[in-house]
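All remarks here apply to the structure that follows.
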Amino acid sequence: MYSKVKSLGISGIEAFNVTVECDISGGLPRFDVVGLPDTTVKESRERVRSSIKNCKLNFPVSRITVNIAPADIKKEGAIFDLPVFIAILKSSEQIKENIDDYAFLGELSLDGGIRKASGILPMIMAAKEYNIKKVFVPFQNACEGSVVDRVDVLPAKNVMDVLAHIKGEKVIESVKYDFDAEEETKYNVDFSDVKGQDQAKRALEIAAAGGHNVLMVGPPGSGKSMLARRLPSILPDMTGQEAIEVTKVYSVLGMLDAKNPLIQTRPFRSPHHTISATALSGGGQMLRPGEISMAHRGVLFLDELPEFHRDTLEVLRQPLEDGVVSISRVQGSVRYPSQFMLVCAMNPCKCGWYGDPSGRCKCKQSDIDKYLGKVSGPLLDRVDIIVEVPAVKFEALSRNDTAEPSSEIKKRVDAAREIQNRRFAGTAVRCNALMDPAALRESCALDETCTALMKTAFERLQMSARSYDRIRKVARTIADLDGSADIQPQHIAEAISYRSFKFGPEDQN
């Protein structure tokens with residue numbers, strides 16, 4: 001007898017519709033699973049067989065063929081155990097009720113228990129698109145799935161709960177996410193903890209207001225990492241759509257909190273400099289998101305920038321421009337979101353003290369040039385703001401007064417972002433850093449004085465066309481922070497000052 005059961009699968013971070021078909025026919029006993037399954041899906045035969053027997057149900061002693069359609073998309077993971085289980089029971093007439101309104105998701109244990117799964121959120125979102133009204137999910141994933149409205153998420157601890165609900169013996173109540181119970185977004189770090197470094201704080205405020213990439217250069221212990229970790233505390237609050245986008249990435253990775261699955265705070269990712277290019281960009285044998293995508297809508301912090309492998313840093317170039325990272329492998333191609341702020345930190349030389357008034361640096365000029373040359377010009381071209389972070393003086397450290405808190409800086413950032421929201425209303429542009437050429441021409445027009453200033457800087461600093469555009473974007477953000485409708489010479493001058501750091505004998509920008 002033939003039956004079919006609805007389910008869903010994951011490709012990248014997007015879900016697709018799946019139909020699990022089962023046919024039980026005469027012949028020698030055999031259990032085959034087809035439809036381009038991976039090893040984990042093929043192993044579902046033994047998990048399903050044991051679950052049926054250990055739940056005191058009848059496993060058909062016949063020829064069983066299960067097809068997981070569509071057959072041209074590779075199926076990965078144990079998420080199809082439950083739909084295969086239900087399809088077999090339906091084909092063997094142990095389930096006689098109509099189950100067309102349901103979809104089934106979950107990995108089975110040998111005793112019929114349903115284990116936690118990854119990627120539930122994007123699959124429930126896809127269920128809504130495909131007009132699937134009710135979805136059985138593992139009990140531990142119930143809160144995550146309930147974020148999506150207009151879909152009844154039915155949490156089940158084991159297969160007997162599922163069968164009891166289908167047969168009307170014991171109803172499983174659907175779970176609804178309580179958005180009103182969400183706590184106010186809080187960070188456990190604050191800019192008030194940072195002593196001195198007013199110029200660096202100003203640079204990060206501009207970066208937050210316009211979504212710009214930043215490179216901080218300074219000696220060890222000057223506070224570069226401390227400043228970077230506090231950047232999310234002054235970024236605008238995430239919108240509901242942004243929260244869903246970020247949560248989808250972490251759902252696929254299985255990294256969500258079961259009780260509070262919706263991610264409300266901006267991600268901050270700080271991978272070690274030994275990270276591989278694959279771990280940074282995503283991919284691998286099972287095509288999983290990397291650190292770039294885990295930093296989506298947040299901050300990717302690369303400390304000790306020259307210590308990263310060159311090929312690892314180069315994978316950043318395309319995501320920084322496009323906002324997505326495309327991964328192509330033999331088993332398929334996926335696109336992961338990667339719209340993040342890149343914040344980097346590095347020492348000015350190998351020992352870290354080049355240019356310090358103490359004169360403690362003993363590095364040769366050739367060694368300094370070699371060290372700074374580890375960071376490629378094309379990558380530096382994609383950095384909007386380069387700021388020096390000098391060693392903090394004793395007087396600044398010994399002061400008892402409290403520095404300006406993140407909450408006050410955030411008010412100015414929010415005001416600047418509100419100006420940008422009005423400016424770019426009805427377009428795909430979200431902030432100044434993401435302006436396309438058309439928006440750049442319209443919003444960053446320069447008068448004669450500003451143009452003359454830019455020409456002098458362009459020739460003296462040997463800028464590229466990309467650097468020229470990035471200075472205009474930063475100047476536009478500075479003008480927004482000042483509440484100025486037009487870009488003024490002082491805005492251009494400040495923006496140029498953030499591109500003036502020398503990488504060796506000549507500026508690579």
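The values are calculated or read from the model by the stated rules, or taken from the named source; none is laboratory data. Keep in mind it's a predicted model, so treat the numbers as computed, not measured. Cβ atoms come from the backbone with ideal geometry, glycine included; neighbour counts cover every protein chain shown. Ligands, DNA and RNA are excluded from the accessible area calculation, which covers all protein heavy atoms including side chains. Shrake-Rupley method; radii C 1.70, N 1.55, O 1.52, S 1.80 Å.
Which ³J(HN,Hα) values, rounded to whole Hz and listed in residue order, are derived for the range 266-275 from phi using the Karplus coefficients 6.51, -1.76 and 1.60 in 6.51 cos²θ - 1.76 cosθ + 1.60 with θ = phi - 60°, glycine and proline given as x?
With coefficients 6.51, -1.76 and 1.60, one gets 4, x, 10, 10, 9, x, 6, 5, 8, 4 Hz.
Shape verdict for the range 281-346, please, from the Cα gyration tensor: rounded (a/c under 1.5), prolate (a/b greater than b/c) or oblate.
Because a/c hits 1.5 or more and a/b exceeds b/c, the range 281-346 counts as prolate.
Note the angle between two axes, namely the Cα long axis of helix 448-460 and the longest principal axis of the Cα atoms of the chain, as a number of degrees from 0 to 90, rounded to the nearest 10.
That helix lies at roughly 90 degrees to the long axis.
Show which aspartates and glutamates lie in cross-link reach of K74 when reach means a straight Cα distance below 12 angstrom and same-chain residues fewer than eight apart are skipped.
D38
How large a share of the accessible area of the range 235-370, in percent, is made up of carbon and sulfur atoms when the probe is 1.4 Å and the other protein chains stay in place?
49 percent
Rank S91, S326 by accessible area, highest first, at a 1.4 Å probe radius?
Per-residue accessible area, sorted high to low, gives S326, S91.
Each residue of the range 94-105 in order: what ³J(HN,Hα) in whole Hz does its phi give by Karplus 6.51 cos²θ - 1.76 cosθ + 1.60, θ = phi - 60°, with x for Gly and Pro?
Working through the residues one at a time gives 7, 10, 10, 6, 6, 10, 5, 7, 10, 10, 10, 9 Hz.
Report the one residue of C361, V383, L372 whose Cα lies farthest in the direction of the positive end of the charge dipole of the range 343-385 (charges on C-beta: Lys and Arg +1, Asp and Glu -1; origin at the Cα centre).
C361
Quick one: pull the percent of accessible area on the range 83-149 belonging to carbon and sulfur, 1.4 Å probe, ligands and nucleic acids left out.
Taking all protein chains in place, the range 83-149 shows 44 percent carbon and sulfur surface.
Net charge near S146, counting Lys/Arg +1 and Asp/Glu -1 over other residues with Cβ under 10 Å of its Cβ?
Summing Lys and Arg as +1 and Asp and Glu as -1 gives -3.
How high is the relative contact order of the range 403-497, in percent, counting Cα pairs under 8 Å that sit 6 or more residues apart?
This gives 31 percent for the range 403-497.
Averaged per residue, what accessible surface does the range 125-282 expose to a 1.4 Å probe, in Å²?
43 Å²
For a quick check of understanding: with a 1.4 angstrom probe and all protein chains in place, what accessible area in square angstrom does K133 have, to the nearest ten?
100 Å²
Within a Cβ distance under 14 Å of V392, other residues only, what is the Lys/Arg minus Asp/Glu net charge?
With Lys, Arg at +1 and Asp, Glu at -1, the net is 0.
Just want to confirm a number: the relative contact order over the range 143-296, from Cα pairs under 8 angstrom separated by 6+ residues, in percent.
It rounds to 20 percent for the range 143-296.
Check K134: other-chain or 5+ apart residues with amide H under 5 Å from its amide H, H built from backbone geometry?
A103, D152
Would you tell me the accessible area of H273, worked out with a 1.4 angstrom probe on the heavy atoms of the protein chains, in Å² to the nearest 10?
60 Å²
Check which residues have an amide H placed less than 5 Å from N158's amide H, if you skip close sequence neighbours.
I114
Taking the Cα atoms only, what angle lies between the long axis of helix 44-54 and the longest principal axis of the chain, rounded to 10 degrees?
Once rounded, the angle reads 50 degrees.
Summing +1 for each Lys or Arg and -1 for each Asp or Glu, what net charge is found among the other residues whose Cβ lies under 12 Å from the Cβ of E408?
Every neighbour counted, the sum reads 0.
Among DSSP beta bridges whose residues both lie in the range 104-192, state the antiparallel percentage, nearest 5.
40 percent
Looking only at the chain, where both bridge partners belong to it, what percent of the DSSP beta bridges are antiparallel (to the nearest 5)?
In the chain, DSSP labels about 50 percent of beta bridges as antiparallel.
Helix 120-129 versus the longest principal axis of the chain: what is the Cα-based angle in degrees, 0 to 90, to the nearest 10?
Helix 120-129 and the main axis of the chain meet at about 70 degrees.
With all protein chains present and a 1.4 Å probe, how do M435, M125 order by accessible area, largest first?
Reading off the accessible areas and sorting them downward yields M125, M435.
Starting from the residue with the highest accessible area, list D198, D190 in decreasing order, probe 1.4 Å.
Order by accessible area, largest first: D198, D190.
Check the straight Cα-Cα distances from K195 and name the lysines below 22 Å, setting aside those fewer than 8 residues away within the same chain.
Qualifying lysines at Cα under 22 Å: K186, K224, K393, K410, K411.
Might you tell me the accessible area per residue for the range 52-109, computed with a 1.4 Å probe and given in Å²?
Ligands and nucleic acids excluded, the figure is 40 Å² per residue.
For the peptides 349-362, 3-16, what is the packing order when you average, over each peptide's residues, the other Cβ atoms within 10 Å and list the highest mean first?
Highest to lowest by the protection proxy: 3-16, 349-362.
Would you work out the relative contact order for the chain, in percent, from Cα pairs under 8 angstrom that are 6 or more residues apart?
In percent, rounded to a whole number, it is 13.
Checking the cross-link filter: which lysines have an alpha carbon closer than 18 Å to that of K53, excluding same-chain neighbours under 8 positions apart?
K90, K157
Give, rounded to the nearest 20 debye, the magnitude of the charge dipole that the chain has about its Cα centre when Lys and Arg contribute +1 at Cβ and Asp and Glu contribute -1 at Cβ.
Charge dipole, the chain, about its Cα centre: 1040 debye, nearest 20.
Is the shape of the range 166-325 best called rounded, prolate or oblate, per the rule: a/c under 1.5 gives rounded, else a/b larger than b/c gives prolate, else oblate, with a ≥ b ≥ c the square roots of the Cα gyration tensor eigenvalues?
Verdict is oblate for the range 166-325.
Would you mind getting the accessible area per residue of the range 358-509, heavy atoms of the protein chains only, 1.4 Å probe, in Å²?
About 53 Å² of surface per residue is accessible.
Quick check: convex hull over the Cα atoms of the range 37-157, volume per residue in Å³, rounded to an integer?
Value for the range 37-157: 105 Å³ per residue.
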